[in-house]
Amino acid sequence: MNNNPYSQLFESVQIGPVVTKNRFYQVPHCCGMGHLRPRAHAAMRAVKAKGGWGVVSTEEAEIHPSSDLAPYAEQRVWDKKDIPALKLMTDAVHEHGALAAIELTHSGHNSTNLFSRIPAMSPNAQAVNFLYPKQARRMTKKDISDFRAWHRRAALNARDAGFDIVYVYAGHGMSVAQQFILPDMNNRTDEYGGSLENRLRLTRELLEETKEAIGDSCGIAFRFAVDELKGKDGMQFEEEGRAVVELLAEHPDLWDVNVSDWSNDSQTSRFQTEEAYQMPYVGFVKSITTKPVVGVGRLTSPDLMLKLVKQGTLDLIGAARPSIADPYLPNKIKEQKTDQIKECIGCNICVSSDNFSVPIRCTQNPTMGEEWRRGWDPENIKPNVTDQKVLVVGSGPSGLECTVQLARRGYQVTLAEAQNNLGGRVLFESSLKGLSNWKRVVDNRTHEILQKNNVEVYKDSRLTAELIGELGINNIFLATGSSWRKDGIGRSRRSPIQGLGGISVYSPEEVVQSLEDINGPLVVYDDEQGYLAGVIADHLSSEKVEIIFVTPASVVSPWTDSTLEQKRVQASLINSGVKIICNQSIKKIENKTAVLECVFSGSITKLPCESIVMVTERISDTALYDSLIQNNFDGKTSYNIKIIGDAP
């Protein structure tokens, strides 16, 4: 370690009565497992501890049935019956020498209590945050007293479950503590409302009572959002955010500081490409408190991490998404293998999993969420059991990952790509506005492949069944991908749009390559309702193409709500001057006019249309697969064939 330029990152840090083994701190993040899948949760966190993270945290843990987040699968510490499930995680983390942290949470009006059926509570009487016809009632003094007792009891149970660090949580708009602090969520006139000191009273009580209960054995962390990024309409770090830190400077053993809400704290790279983007908001905290500070901002660069520590901005390098993309990030820095780090691309597919209440997944780390069920590990894979050769056809993300893992197992792999570059669809999508970080998916894997002596790569090599027969390789993985259809078939209709022959019709790839030939205005028709149509419209608008965005959906790119970016997507198009027409499907094209049909009423409107880009549905390229399977069926061959990625 003495020769490691990053040795300072591996220094220990005192957090109250406990000490970390290094400065790498996996902050609390959701994972779609929680109390529903405790063994899967424990196995996932254990891999991070094994990968070198000095502190590994849970997601938010409900402290009482009146803060029931169902159907979302978060943690629970309602009572002692939850201790055995939580202990699975702490034991697994401790086995690898890391500290275990838990984020105690009562979500106030961010809870619907659909499972517990208990009325929601909040500083004020107000609607719950979710689209559900339910309202939270104003907390009485007894409710506040009960809440403090629940929190203290949860802290004691967390200690008994083996946690080393216990959180008081006031961030993301998702906790009672923060809801009391924020003036727009707290209009009380008693001692818990009005002045900042009054609004901060409950948080101060929680910190003091938690430390009194377990502070002799557990570090007490305070997770606080110093800025809501709402300007004068919300908390700002220069004003009340700073004042909160000043008033509570020495109360917690650790300051975990970020911005609010979740969509700001976990901004996608599409709208925030730079690492450490939160530092301008949280950098002041170290100047106020003597306690250690952890911060986040999609930090993946070891040099930047070291800089933040050396300049006194952070004591601990916080990470949620980077720890998901590469659980072994700390070990790779320690072993000076920084070129092997899988950097987070900021796509928020991890976030979408939690929003869908399913186990977490990651674009960069396909083992994420499968550590327990399948025994997967991102850096350790079972060795080969034979000396058979393998052929991988197609070098998109699935083909590249397949090649990497087969090569790691020790197989002799041949990778054939029809184009002259490796990367498939990622090369195109990463060239679009805001998506440059997505190319990390290709760069990381091609870098490893080119260093392997058991991989042969052939570009400009479009294979047929006959050519595969000449190779003499029986184990075949087909990652031949898919292409966007141009006939209008999509979610809203299962028959082609009539009249497309009279206008110019483009696929997403074609329209980007044909900017000089487009006759505007150009209709971008989104009947896939994912992310790409919004990206295409934004990209083309930045190239000064006049765009009309038409979709049967009620908003632009509705799937991106699950990745916390839908509002930013729609705002970007509006600010770029894109005309948006929602709730309309294209019935037909006639006389260079799109006949639009309202998805609700069936009423008809017409829109001039000389050019259109179709983002509706993809057609899998299965021709080679079909041919090889037919040869197997006819008895001509006996291949072991697997079709993967977008091709199935």
*Among the lysines, select those whose C-alpha is under 22 Å from the C-alpha of residue 80, and discard any that sit fewer than 8 residues away in the same chain.*
211
*May I ask which of 382/452; 21/342; 342/439; 50/332; 486/588; 332/452 have a Cα-Cα span longer than 20 Å here?*
21/342
*Helix 566-575 axis, angle to the chain major axis (alpha carbon atoms, nearest 10°)*: 70 degrees
_DSSP beta bridges in segment 485-618 [antiparallel fraction, %, rounded to 5]_ = 40 percent
*Residues in segment 497-527 near a label at residue 590, defined as backbone nitrogen under 19 Å from the 7 Å Cα→Cβ point?*
497-504
*Based on DSSP, what percent of beta bridges with both residues in segment 7-355 are antiparallel, to the nearest 5?*
10 percent
_How tilted is helix 397-409 with respect to the longest principal axis of the chain? Cα atoms for both, answer in degrees (0 to 90, nearest 10)._
80 degrees
*Label-point separation, residue 288 to residue 358 (7 Å along Cα→Cβ), nm*: 4.2 nm
_Proximal aspartates and glutamates relative to residue 141, as straight alpha-carbon distance under 15 Å, when same-chain residues fewer than 8 apart are discounted_ = 190, 191, 205
*Over the chain, what is the relative contact order in whole percent, taking alpha-carbon pairs under 8 Å and six or more residues apart?*
11 percent
*Gain on full stretching of the segment that runs from residue 427 to residue 79 - 0.36 nm per residue minus C-alpha separation*: 120.2 nm
*Candidate aspartates and glutamates - alpha carbon under 17 Å from residue 48, same-chain residues fewer than 8 apart omitted*: 59, 91, 95, 164, 326, 335, 343, 370, 371, 377, 379
*Of the options 455, 630, 520, report the single residue whose Cα projects farthest towards the positive end of the charge dipole of the chain (beta-carbon charges: Lys, Arg +1; Asp, Glu -1).*
630
*Can you tell me which of 370-378, 17-25 comes out highest on packing, and rank the rest after it, using the mean Cβ neighbours within 10 Å?*
17-25, 370-378
_So if each residue of separation counts as 0.36 nm, and I subtract the Cα-Cα distance between residue 459 and residue 604, what length gain in nm does that give?_
47.3 nm
*Counting each DSSP H run of 4 or more residues in the chain as -39500 (n - 2.57), what helix-only mean residue ellipticity at 222 nm follows after dividing by all residues, to the nearest 500 deg cm²/dmol?*
-8000 deg cm²/dmol
*Is the shape of segment 351-457 best called rounded, prolate or oblate, per the rule: a/c under 1.5 gives rounded, else a/b larger than b/c gives prolate, else oblate, with a ≥ b ≥ c the square roots of the Cα gyration tensor eigenvalues?*
oblate
*asked:* Starting from the 7 Å offset along Cα-to-Cβ, what nm value, one decimal, do you get for the label separation of residue 487 and residue 622?
replied: 1.5 nm
*Within segment 247-276, report the GluC sites (Glu not before Pro) that DSSP leaves as loop and that have at most 13 other Cβ atoms within 10 Å.*
250, 274
*Could you give the angle, 0 to 90 degrees to the nearest 10, between helix 38-50's Cα long axis and the longest principal axis of the Cα atoms of the chain?*
90 degrees
_Residue by residue through segment 367-373, what is 3J(HN,Hα) from phi via Karplus (6.51 cos²θ - 1.76 cosθ + 1.60, θ = phi - 60°)? Round to whole Hz and write x for glycine and proline._
7, 4, x, 10, 5, 8, 5
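Between residue 145 and residue 494, what is 0.36 nm times their sequence separation minus the Cα-Cα distance? Round to one decimal in nm.
Length difference between fully extended and current span is 119.8 nm.
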*Go through 419-426, 135-142 and give me the packing order, highest mean Cβ count within 10 Å leading.*
419-426, 135-142
*Sorted by average packing, counted as other Cβ atoms within 10 angstrom per residue and highest first, what order do 588-596, 213-221 take?*
213-221, 588-596
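Label the chain by shape, choosing from rounded, prolate and oblate, from the square roots a ≥ b ≥ c of the eigenvalues of the Cα gyration tensor; if a/c is under 1.5 it is rounded, and otherwise prolate applies when a/b is larger than b/c, oblate when it is not.
Working: a/c = 2.04, a/b = 1.36, b/c = 1.51.
Taking the square roots of the gyration eigenvalues as a ≥ b ≥ c, the chain is oblate.
Any read-out appearing in this document is the output of simple, stated calculations on the displayed coordinates, not a laboratory observation. Predicted model, so just to flag it, every value in this text is computed and none were measured. Quick reminder, even Gly has a Cβ in these numbers, built from the backbone with ideal geometry, and neighbours come from all protein chains shown.
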